[in-house]
Amino acid sequence: MSWIEISLNTNHEAVDWVCTLLAKEISQEDFHIVEYASDPDQNREPWAFTILMYLPNDLQIHQRVETIANILKPLHRTGMTSEMQTFVVDSKPILETGASQVRHISDRFAIVTDHLGYAPRHDQEIVLYLQNSLAFGSGLHPATILSLRLLERHVQPELQTLDLGSGSGLLSVAIAKLGARVLAIDNDPVAVAATEDAVQRNQVTDLVKVQLASLGSASQLGHWMGGESAEQVPAIAAEGQFDLIVANIFARVHISLAAEFAEALRANSGILITAGYTRDRAEDVVTAMRAVGLYESDRLQLDEWVAIAFCNNSSNILHSQNR
């Protein structure tokens, strides 16, 4: 039997979304990501990755290819992926298995696929167990790493927190394992299911509530990636009920939700952790937050990616730290 190779190019902002959106359509062994940073001779601006997918060339192939094209259409329409191309190949190549199954994110956080018998390096290490899949927020993306490092700095036990755009559930699990309570919301049913799986897998169901929802006016924005496929979901009212909010989403969504973030934080003590954007958008985010009374208090950078923490009490402003 021959195979159909599907290929497309994408950028840093969208690569995790491609993985998420196709998780139910493509098995992990038939999905491969080529990163151009690993090959300095390649110049593929503005693309950072090529994604290769392989499907058996059977009677269902035309329907499956059309389904994948429709799923990715919003990303292509917004310029985050190239046009999808298909080729017939005689055989499927042997694909690399990908990254290590243990990822040490910081001194305290390690991400582990749950089938491994992993022994923590020290008593204070927090192990985050995730299903080995294409789920968004696997821990490989710099925005996820930066989010975890800021959470490690700012989460305290018993805080009431919100994980907006929970994705794989990784950040919600990390917050719970630091002792805080979490409302994990996403407007993508696939992400909600992934978060629920992660919460159960890590045995933090008593600390995390998972819900298909958005915050305030975000319920009217559609899918986080800007598509039109997501139906309007229930809105969580912004009523000053959260001590801490974390949102690993696109810069334009941070900017759109600045007022809701400010209203949802507890007065004079709230912390907002933003991630999911590169340094060229950082000042746009800072300007939007400052306009609603949120002040930059902490900043981390990894490659071109930035994560910034804001507070709503100017007396708590810290010097930004770039690491």
I'm told residue 152 meets every condition in (1) closer than 16 Å to residue 266 by Cα; (2) in a helix (DSSP H, G or I) except one. Can you identify the failing condition by its number? (1)
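Could you pull out the residue among 299, 252, 290, 281 that is outside any helix (DSSP H, G or I) and of a type in the set (Lys, Arg)?
Working: 252 fails: outside any helix (DSSP H, G or I); 290 fails: outside any helix (DSSP H, G or I); 281 fails: outside any helix (DSSP H, G or I).
The unique qualifying residue is 299.
I'd like to verify a number: residues in segment 69-90 that are among the hydroxyl-bearing types (Ser, Thr, Tyr) and at pLDDT below 90, how many?
In the first step, residues of segment 69-90 are kept if they are among the hydroxyl-bearing types (Ser, Thr, Tyr); the result is 78, 81-82, 86.
When the remaining residues are screened for being at pLDDT below 90, the result is 78.
Residues in segment 69-90 being among the hydroxyl-bearing types (Ser, Thr, Tyr) and at pLDDT below 90: 1 in total.
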Scan segment 220-245 for residues that are out of contact with any Gly (no Cβ under 7 Å at 6 or more places or on another chain), among the charged types (D, E, K, R) and modelled with pLDDT of 90 or more and jot them down. 239
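If the requirement is being within 19 Å of residue 190 (Cβ to Cβ), of a type in the set (Ser, Thr, Tyr) and outside any loop (DSSP other than H, G, I, E, B), which of these qualifies: 67, 86? Talk me through it step by step, then tell me what you get.
Numbers: 86 fails: within 19 Å of residue 190 (Cβ to Cβ).
Step by step, each of 67, 86 is checked, and only 67 is within 19 Å of residue 190 (Cβ to Cβ), of a type in the set (Ser, Thr, Tyr) and outside any loop (DSSP other than H, G, I, E, B).
Output yes when any residue across segment 102-116 is buried (at least 17 other Cβ atoms within 10 Å of the Cβ), modelled with pLDDT of 90 or more and of a type outside the set (Lys, Arg), and no when none is.
First pass over segment 102-116, keeping only residues buried (at least 17 other Cβ atoms within 10 Å of the Cβ): 103, 105, 108-112.
Now drop any that are not modelled with pLDDT of 90 or more, which leaves 108-110.
Narrowing further to those that are of a type outside the set (Lys, Arg): 109-110.
Yes, segment 102-116 contains a residue that is buried (at least 17 other Cβ atoms within 10 Å of the Cβ), modelled with pLDDT of 90 or more and of a type outside the set (Lys, Arg).
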Can you find a residue in segment 159-166 that is within 17 Å of residue 129 (Cα to Cα) and either in contact with a Phe, Trp or Tyr (Cβ under 7 Å, 6 or more places away or on another chain) or among the aliphatic types (A, V, I, L, M) (or both)? no
Among the residues of segment 63-96, how many are more than 19 Å from the chain's Cα centre (by Cα) and hydroxyl-bearing (Ser, Thr, Tyr)? 4
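In segment 203-219, how many residues are at pLDDT below 85 and either touching a strand residue (DSSP E or B) at 6+ places or on another chain (Cβ under 7 Å) or surrounded by 17 or more Cβ atoms within 10 Å (Cβ to Cβ) (or both)? Steps first, please.
Our first condition is that a residue be at pLDDT below 85; within segment 203-219, this holds for 217-219.
In the following step, the residues that additionally are either touching a strand residue (DSSP E or B) at 6+ places or on another chain (Cβ under 7 Å) or surrounded by 17 or more Cβ atoms within 10 Å (Cβ to Cβ) (or both) were identified as 218-219.
Qualifying residue count for the region: 2.
The values are calculated or read from the model by the stated rules, or taken from the named source; none is laboratory data. Remember, it's a predicted structure, so these values are computed and weren't measured experimentally. All Cβ positions, even for glycine, are placed from backbone atoms using ideal geometry, and neighbour counts span all protein chains on display.
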